[in-house]
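The values are calculated or read from the model by the stated rules, or taken from the named source; none is laboratory data. Keep in mind that what you see is a predicted model, and the values were worked out from it rather than measured. Ideal geometry is used to build each Cβ from the backbone, glycine not excepted, and the neighbour counts take in all protein chains shown. Keep in mind that these areas ignore ligands, DNA and RNA; they rest on the heavy atoms of the full protein, side chains included. Shrake-Rupley method; radii C 1.70, N 1.55, O 1.52, S 1.80 Å.
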Amino acid sequence: MTRLPPALILGAALSGLFLAAALVSLLWVPHAIDGVAIANRLQPPSATHLLGTDQLGRDILSMLMVGAQTSIAVAILAVGIGVALGVPLGLAAAANRGSWLDEIIMRGNDLIFAFPSLVIAILITARYGPSATNAILAIGIFNIPVFARVARGAALPIWTRDFIRAAQTAGKGRIRISAEHVLPNIANLLIVQATIQFSLGILAEAALSYVGLGAQPPTPSWGRMLSEAQTMIYTHPMLAVLPGLAIVMTVLGLNLMGDGLRDALDPRLRRGRA
Amino acid sequence: MARYLLTRALSLGLSLIVASVVIFALIEVIPGDPASYMMGLNATPENLAALRAELGLTGSPVTRYIDWVGGMLTGDFGTSYTYRVPVADLVADRIGVSLPLAIYALTLSTLIAFPVGIIAASRRGTWADHGIMGATQLGIAIPNFWFAMLLVLLFAVTLRWFSAGGFPGWSDPTAAIKALTLPAIALALPQASILARVMRSALLDTLDHDYIRTARAKGLTRGQAIRRHALRNALIPVLTIIGLQFSFLIAGAIIIENVFFLPGLGRLIFQGITQRDLIVVESVTMLLVFAVILVTFLVDLAYALVDPRLRRG
C-alpha cells in the first residue's frame with residue numbers, strides 16, 4: 001500500500017472533527033443551549049465560554065456543535081435520497097442500455113439538471129412551509145439525477161466484462177447481476193460522489209436556513225446563526241465569522257477527502273495528475 | 001446542422017413545458033388551498049371565495065394551467081396580490097438590477113478564472129500551481145452569502161469604501177455600478193474557483209495531444225503552445241461550465257440580493273414568499289427557470305459553432 005495523499009488525511013481530519021463534534025453534542029455540550037441567559041449575552045471568549053456567547057447568552061461553541069448535527073443530518077439524508085433512488089435508476093438504465101427505459105430515465109435526468117436547484121428548493125420550502133424535512137426533500141430531489149448519471153456511466157463498461165457474461169450464462173437475471181456484480185464494482189465511484197454531494201448538501205442547507213427556509217428555531221443551524229449575526233455585524237463581527245468558518249472547514253474537509261479518495265481509488269488518475 | 005438545431009429546440013420546448021407543469025403543480029395543485037395559505041388562519045369563507053375567484057382558482061387545474069401559460073406567453077404574468085400591480089411591471093423594474101448583477105459577476109469570474117487557470121496549467125506541479133489549486137479549493141468551500149458578509153465587514157464597515165447595501169438606481173451609473181460591486185465579487189469568487197479548475201484540467205487534457213507535441217518540438221514554450229493552440233480546444237468544457245454557472249448565478253443572486261438589500265428579482269421572490277403572494281412567486285420563478293433553460297440552449301448552439309463535430313450529434 002502506498003502512502004495516503006496528504007489532502008486525503010487533511011480532509012478526513014477536518015470532516016472527522018465536525019462529525020465528532022456533532023456526535024459528542026448528542027450526549028454532551030459545554031453549556032445547555034435551550035436556556036436564555038440575557039445577563040450572559042455577547043460575552044467575549046473566556047475560560048467558561050471558549051468562543052464567547054451570542055445575543056441571547058447562549059454558548060457559541062455549544063451552538064456550533066449542535067448546529068453541526070443539523071447540517072450533517074440534513075446533508076446525509078439528502079444524499080440518502082439521491083443514492084436510494086438514483087443508483088437503482090442508473091443501474092436499471094445501464095442494464096437496459098438503449099431501451100425506452102434507459103431513454104426515459106436519462107431524459108428525465110436532463111430535465112431535472114436543467115432546473116436551477118436552489119430556486120426550486122426555495123419554491124418547495126416556501127410553499128410547504130420552512131422545515132428541516134422540506135429542506136432535505138428539496139436538496140435530495142436534485143441528488144437523484146446526479147447518482148443516476150454516475151451509476152449508469154460507471155455501470156456501462158462493467159456490462160461488457162467477461163464475468164458478467166459468465167453470470168448471464170449461469171442464468172442470472174439483469175436485476176440480480178446489477179446487484180451482485182455491477183454494484184460492488186462501481187461502489188468506489190459512488191462513495192466519492194456521495195462525499196461531494198454531502199459537501200454540496202451542507203452548503204445548500206446553510207443557504208436555505210440563512211434565508212429562513214431551513215431548520216426552524218429553536219433548532220440551531222449554522223446558516224441561521226449567520227443570518228441572526230448579520231444585524232450585529234457592526235458591533236460583534238465574531239458572531240458572523242465563527243459559523244461561517246465551521247461551514248468552510250467542513251465543506252473543505254469533505255471536498256479534499258472526495259478528491260483524495262478518487263485519486264487513491266483510481267491509480268490512473270493519480271498518474272495523470274502528478 | 002438543421003437536424004441538430006431541431007433536436008435542441010425540441011428539447012428546449014419540452015424542458016419548458018415540464019418546468020411550467022412542475023412549478024404550477026407545486027404552487028397550485030398539490031395539497032393545500034393557495035387562497036387559504038395566502039390569507040392566513042383568520043380568513044372568512046366569503047373572503048376566501050372572493051380571493052379564489054380573483055386568482056382564477058375556481059376552474060379546473062387544466063384550464064387554469066392553460067390560462068397561466070397563455071398569459072405568460074403574451075406578457076401577462078398575473079396581478080400581484082399584495083402590490084395590486086401587474087407582476088410584469090414588478091419584473092420590469094427589478095430585472096434592471098438582477099441582469100446587470102449576473103453579467104457583472106460572470107464577467108468578473110471569467111476575467112479571474114482564465115488567467116489563473118492558464119497559469120496553473122502552464123506551470124503544472126510548481127508552487128504557483130499548488131497555490132492556485134489550494135486557493136480554488138477554499139473558494140469552492142466558501143458559501144457566497146458568508147463571503148458577502150465578510151466583504152461588508154471589511155469594505156463597508158472597516159474601510160468604508162463601499163456602502164453595506166441598497167441600490168441608488170441607474171440615474172447615476174457610477175453609483176449603481178459601485179453598489180453592485182461587492183455583490184458581484186461575492187457571487188463571482190466561488191464561480192471563478194470552479195471555472196479556473198475546469199480551465200486548468202481542460203488545458204492539461206489538451207496538452208497530451210500530438211499537435212501540442214509538434215508545436216513544442218518546433219520550439220514553442222509550454223506557455224506559447226497553450227496560448228496559441230491548446231486554449232481554443234480547451235474552450236468547449238469551459239463554455240459548458242460558463243453556461244451552467246449562469247444557473248448558479250441566478251440562484252446565488254437570490255440570496256446575495258437579500259444580503260445587500262438589492263431590489264432585484266431574487267428579493268422580489270422573497271418578498272413574495274414572506275407576503276404569501278403566490279402569484280409573484282410562481283411567475284418570477286418560471287421566468288428565472290426560463291432564463292436558465294434558454295441559456296443552456298444557447299450554449300448548446302455555441303458548441304456547434306465552435307466544434308463542427310457536435311453538429312452531427
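In this simple spin-label approximation, residue A:32 and residue B:62 carry label points 7 Å from Cα along the Cα→Cβ vector, and these lie 6.0 nm apart. For the range B:159-173, the Karplus equation 6.51 cos²θ - 1.76 cosθ + 1.60, evaluated at θ = phi - 60°, returns couplings of 8, 6, 7, 10, 7, 7, x, x, 9, x, x, 8, 4, 10, x Hz by residue, with Gly and Pro reported as x. Computed extension gain for residue A:185 through residue A:265, at 0.36 nm per residue and net of the alpha carbon distance, reaches 27.6 nm. Annotation note: trypsin sites (Lys or Arg not before Pro) in the range B:87-190 located in DSSP loop regions with a Cβ neighbour count of at most 14 within 10 Å are B:160. Normalising the average separation of contacting C-alpha pairs (under 8 angstrom, six or more residues apart) by the number of residues puts the relative contact order of chain A at 26 percent. Against chain B, whose longest principal axis is taken from its Cα atoms, helix B:265-274 shows a tilt of about 40°. For chain A, the longest piece that avoids every one of the trypsin sites (Lys or Arg not before Pro) found in DSSP loops with at most 16 other C-beta atoms within 10 Å covers A:173-274. Membrane-span-like helices in chain A (whole DSSP H runs, Cα extent of at least 27 Å along the helix axis, mean Kyte-Doolittle hydropathy of at least -1.0): A:6-27, A:60-95, A:183-210, A:238-265.
Among A:175, A:120, the order of accessible area from largest down is A:175, A:120, computed with a 1.4 Å probe on protein heavy atoms. Projecting label points 7 angstrom from Cα along Cα→Cβ for residue B:46 and residue B:7 puts them 6.1 nm apart. Shape class for the range A:1-118: prolate, because the ratio a/c of the largest to smallest gyration tensor axis (alpha-carbon atoms, square roots of eigenvalues) is 1.5 or more and a/b beats b/c. Over the residues of the protein assembly as shown, the helix contribution to mean residue ellipticity at 222 nm works out to -24000 deg cm²/dmol, using -39500 (n - 2.57) for each DSSP H run of at least 4.
Axis angle, to the nearest 10 degrees, between helix B:231-259 and the longest C-alpha principal axis of chain B: 40 degrees.
Measuring between their Cα centroids, the range B:180-239 and the range A:148-195 lie 35 Å from each other. The magnitude of the dipole of chain A, with charges of +1 and -1 set on the Cβ of Lys/Arg and Asp/Glu and taken from the Cα centre, is near 920 debye. Positive-end ranking of B:145, B:229, B:80 along the dipole of chain B, with charges on Cβ about the Cα centre, is headed by B:229.
Note on the range B:46-160: with charges restricted to the Cβ of Lys and Arg (+1) and Asp and Glu (-1), its dipole about the Cα centre is near 500 debye. Relative to the longest principal axis of the Cα atoms of chain B, the long axis of helix B:278-306 makes an angle of roughly 30 degrees. Near the amide H of residue B:79, within less than 5 Å, lie the amide hydrogens of B:87, all on another chain or at least 5 residues away, with H placed in the peptide plane.
Each of residue B:14 and residue A:24 was given a label point 7 Å from its Cα along the Cα-to-Cβ line. The distance between the two points is 5.3 nm. Assuming charge only on the beta carbon of Lys and Arg (+1) and of Asp and Glu (-1), the dipole of the protein assembly as shown about its Cα centre is about 2520 debye to the nearest 20. For residue A:115, the amide hydrogen comes within under 5 Å of no other amide hydrogen, counting only partners 5 or more places away or on other chains and with H modelled in the peptide plane.
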